[in-house]
Structures are given as C-alpha cells and as structure tokens.
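The values are calculated or read from the model by the stated rules, or taken from the named source; none is laboratory data. Only a predicted model underlies this, so the values are computations on that prediction, with no experimental measurement involved. In this analysis, Cβ positions are derived from the backbone assuming ideal geometry, glycine residues included, and neighbour counts consider all displayed protein chains. To get the accessible areas, we keep the full protein, side chains included, count just its heavy atoms, and leave off ligands, DNA and RNA. Shrake-Rupley method; radii C 1.70, N 1.55, O 1.52, S 1.80 Å.
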Amino acid sequence: MSSEITCAFFHAGEETDVPRADALAPFKAFVDTTEEISTLLKFPDGGEADLDIDDAMHISDFILDEPPASPEFWAGLFQILQTMPGAVFSDHGGLAVAQASMVSEIGEDMVEEFGTPKVVTSADALRTLFLTDGEEDEEED
C-alpha cells in the first residue's frame, strides 16, 4: 500500500512560496528528467520518485504519489525540512516537521486535518513515519 505525501512550505499559518531551486537542491544529483509539472528522481538502489512539482521559479509545495524506500530520498526530504520552512504530510494522516519552530507556522486547518505535527530528528524517523510496510508485501505477491 503506497501513500501520497506532500511537502509544503509555510509562514504564519499560510502556505508560502520558496525558490524551486532551493527546494530541490538536496535532490539535484538524482534528477533524471524534468518536464513541465514533473521531475523524475533516480536513486543508486534503483528507487525512483516522480515529483509532481510546478516548473515556476517559486513553489509552495510538491507531491509524491509513491515515496521510494531509497535512503537518499528520505535524507534529501529531511534536509529540506531542516533548512526550509517546510512540513510533510500524508493522505493517510501524519504531519511532520524537522524544526520545532515550524509547529507554530502551520495553519490550524492542517493540524485539524492531519494531527499535531511530529518533530522528526532524522531521515530514518521521517521514513518510518511515512513509508508503509505494505510496499514490501506488494513485492512478494
């Protein structure tokens, strides 16, 4: 079972725009192709991530339908949360930040929908929070 996750950027309770290049910087070495609304990332372990992301100079979020297990993906996403005003949330629930100061920047509507933000302290903690075990089960079928 896969889960859609979104990385969104916030300030004063509202989504805010950040430079697209800064948001994607941790993934720069893994970019395979870029199209108008999509960027394909390929990782050394064979994992792939197709980011639904606007090609504008500034973005407020990006979406990923099926997060890969690739450690480099989760390390990059964690780096984004550490260095930018971001939060990650899932369509199955869960809301995470890497900076405790970001908890107050997220809007009440987000907290009502996804729950109290968890402050994650590592890429592994972020991965554990959002990557489901069902992915491995599907491969065995």
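Can you pull out the residues in the range 114-135 that are at pLDDT 90 or above, of a type in the set (D, E, K, R) and out of contact with any Phe, Trp or Tyr (no Cβ under 6 Å at 6 or more places or on another chain)?
Within the range 114-135, LYS118, ASP124 qualify.
Select from the range 52-67 the residues that are touching a helix residue (DSSP H, G or I) at 6+ places or on another chain (Cβ under 8 Å) and among the aliphatic types (A, V, I, L, M) and write down the one among them that is most open to solvent (accessible area, probe 1.4 Å).
Of everything passing the filter in the range 52-67, MET57 is most open to solvent (accessible area, probe 1.4 Å).
Taking the range 112-124 on its own, how many of its residues are open to solvent by less than 40 Å² (accessible area, probe 1.4 Å) and without any contact (Cβ under 8 Å) to a residue 40 or more places away in the chain?
Number satisfying all stated conditions: 3.
Quick check: is even one residue across the range 61-69 over 12 Å from the mean Cα position of the chain (by Cα) and either modelled with pLDDT of 95 or more or among the acidic types (Asp, Glu) (or both)?
No: the range 61-69 contains no residue that is over 12 Å from the mean Cα position of the chain (by Cα) and either modelled with pLDDT of 95 or more or among the acidic types (Asp, Glu) (or both).
In the range 95-111, how many are loosely packed, with under 12 Cβ neighbours inside 10 Å, of a type outside the set (S, T, N, Q) and closer than 19 Å to THR83 by Cα?
The number of residues fulfilling the criteria is 1.
If you scan the range 71-94, which residues turn out to be farther than 18 Å from ASP22 by Cβ and buried (at least 21 other Cβ atoms within 10 Å of the Cβ)?
If the condition is that a residue be farther than 18 Å from ASP22 by Cβ and buried (at least 21 other Cβ atoms within 10 Å of the Cβ), then TRP74, PHE89 are the ones that fit.
Testing ALA49 on (1) open to solvent by 30 Å² or more (accessible area, probe 1.4 Å); (2) closer than 20 Å to GLU4 by Cβ; (3) outside any helix (DSSP H, G or I); (4) in contact with a strand residue (DSSP E or B) (Cβ under 7 Å, 6 or more places away or on another chain), one condition comes back false. Which one is that?
(1)
Please go through the range 31-44 and give me each residue that is assigned to a loop (DSSP other than H, G, I, E, B) and open to solvent by 90 Å² or more (accessible area, probe 1.4 Å), ordered by number.
Result: GLU36, ILE37, PRO44.
Name the one entry in SER122, SER90, SER70 that is among the polar types (S, T, N, Q) and touching a helix residue (DSSP H, G or I) at 6+ places or on another chain (Cβ under 6 Å).
SER90
Would you pick out the residues in the range 1-30 that are open to solvent by less than 60 Å² (accessible area, probe 1.4 Å), in a strand (DSSP E or B) and either in contact with a Pro (Cβ under 9 Å, 6 or more places away or on another chain) or aliphatic (A, V, I, L, M) (or both)?
Residues satisfying the conditions are ILE5, ALA8, PHE9, PHE10, VAL18.
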